[in-house]
Amino acid sequence: MGDGMVNSNKKKKSRGGSKKKMTHEQALAFKFVSEWVFLDHPSASSSSSSSSSSSSSASCLVDDFGVQKLLGRAGEKLLFELHSHSKFSDGFFSPSKVVERAHINGVKVLALTDHDTMSGIPEAVEAARKYGMKIIPGVEISTIFSPRGDSEVEEPVHILAYYSSIGPTRFEELDKFLSNIRDGRFLRAQNIVLKLNKLKLPLKWEHVCRIAGKGVAPGRLHVARAMVEAGYVENLRQAFSRYLFDGGPAYSTGSEPLAEEAIKMICHTGGVAVLAHPWALKNPVPIVRRLKEAGLHGMEVYKSDGKLAAYSDLADAYGLLKIGGSDYHGRGGHNESELGSVNLPVLVLRDFLKVARPIWCNAIWEILECYAEEPSDSNLATITRFGRTRVFKGGSPLSCGQDLIDHCLPLWLSSQEMENAEFEAIKSKLSNVSVSQGGIQVLIETK
């Protein structure tokens with residue numbers, strides 16, 4: 001009996017997880033990831049890198065489920081959150097509140113991926129500054145998968161897009177593409193309300209719009225919230241299970257593009273395309289096969305409770321990246337994963353950045369090349385739309401292209417990424433460009 005008590009106590013002590021040394025491969029991956037995370041904090045990056053380069057000091061926390069939690073500077077967890085929503089689509093909180101909550105949860109890199117809009121990104125970038133967090137500009141695009149044969153079925157498919165720090169190339173094309181989807185969302189939501197009215201639920205369109213907020217295209221979640229507030233259902237789950245589920249009595253489709261078209265648009269605008277929550281699909285295999293042919297880079301396989309083996313195997317079968325995120329909306333409740341709850345292994349983060357960084361590097365090059373060739377206000381706006389180029393304490397205005405080179409490029413690219421002939425040629429062109437166009441001053445961040 002005494003031995004049993006000792007074993008029980010030992011188990012209790014280990015519940016918090018244990019520090020384990022990284023393998024050599026993990027240590028190199030950690031160095032690669034942390035250097036990118038702390039690009040705009042070089043001293044932090046060097047201290048992280050120096051500690052990870054030594055196998056004796058490189059460590060990660062392995063919890064009771066065998067999940068690695070990367071330890072960065074001073075033992076901080078190096079968490080990526082790659083799927084989150086704000087009030088700019090169907091989330092409950094503003095982008096700044098999402099960023100604040102992510103910071104409290106230890107997140108170091110946050111992708112804001114609102115449905116069919118990137119309007120919340122500037123606010124997220126601004127809010128992330130004070131926490132030293134990195135924002136990946138993202139979007140979750142609503143699409144439809146159209147069957148070709150008897151073995152396939154039509155169903156909604158969501159594609160996540162991840163962009164560089166200064167956002168998409170050809171932004172106007174992407175914005176128009178997303179705007180068309182949002183217009184369809186308005187019509188879809190109106191049709192849902194009409195169907196509910198025919199089902200003897202006199203829900204008001206104005207009620208749905210008030211919940212969605214000014215300028216936000218209403219989605220099913222907004223309709224569900226209005227139904228709860230009006231007393232037609234007890235909770236959101238009941239609204240979906242009774243009326244709003246795919247194919248349900250009040251379900252309606254919008255004017256979503258084909259999934260393949262969305263992936264091609266993402267690739268055309270310098271993004272990384274990832275299939276969101278494949279476990280929600282009725283028939284994922286033909287969808288993954290077709291989307292891979294269209295240029296899909298990866299798919300979600302990790303959730304807050306770990307890796308889903310079946311989808312991990314499917315990703316392996318088609319040579320796709322394996323990532324994941326909480327899909328946080330802020331609605332609360334027992335079934336929602338918290339920001340930062342998906343602990344992606346360091347090798348997964350390395351693989352994601354190995355694919356993403358060359359794509360993003362090329363996108364940044366394209367955007368800067370465009371401005372160097374035609375230094376107009378509109379081309380400058382493309383650079384500064386999402387880039388960290390606004391002033392806070394002690395800032396100064398950009399006066400010439402050389403300032404972009406000296407102050408902005410190091411925030412977006414590593415020194416290795418900037419050391420190539422293409423960027424050298426752009427630097428040469430930019431150094432002779434005056435940034436103040438039409439009396440507009442662009443401010444840069446200084447520390």
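Quick notes on this structure:
- Magnitude of the charge dipole for the stretch 189-268, about its Cα centre and with charges confined to Cβ atoms of Lys, Arg (+1) and Asp, Glu (-1), is about 320 debye.
- Among 422-428, 297-303, 31-37, 249-255, the peptide with the highest mean count of other Cβ atoms within 10 Å heads the list, and the full ranking is 297-303, 31-37, 249-255, 422-428.
- Bridgeable aspartates and glutamates around K134 (alpha carbons under 14 Å apart, same-chain partners fewer than 8 residues away excluded): E35, D40, E81, E100, E123, E126.
- The packing ranking, built from the mean of other Cβ atoms within 10 Å per residue, places the peptides 78-84, 405-411, 367-373 in the order 78-84, 367-373, 405-411, highest first.
- Applying the Karplus relation 6.51 cos²θ - 1.76 cosθ + 1.60 with θ = phi - 60° to the stretch 285-296 yields 3J(HN,Hα) values of 4, x, 5, 4, 4, 5, 6, 4, 4, 7, x, 4 Hz, where x marks Gly and Pro.
- Accessible area of L296 in the full protein assembly, 1.4 Å probe (Å², nearest 10): 10
- Restricting the stretch 212-251 to trypsin sites (Lys or Arg not before Pro) in coil, as DSSP defines it, with at most 11 other Cβ within 10 Å: K214
- Placing a label point 7 Å from the Cα of E374 along the Cα-to-Cβ direction, the residues of the stretch 161-175 with a backbone N closer than 16 Å are 169-174.
- When each of the peptides 126-138, 86-98 is scored by the mean number of other C-beta atoms lying within 10 Å of its residues, the order from highest to lowest reads 86-98, 126-138.
The values are calculated or read from the model by the stated rules, or taken from the named source; none is laboratory data. Note that this is a predicted model, so its numbers are computed, not measured. Positions of Cβ are backbone-derived with ideal geometry, glycine not excepted, and every protein chain shown enters the neighbour counts. Quick note on the areas: whole protein, heavy atoms, side chains included, nothing else; ligands and nucleic acids left out. Shrake-Rupley method; radii C 1.70, N 1.55, O 1.52, S 1.80 Å.
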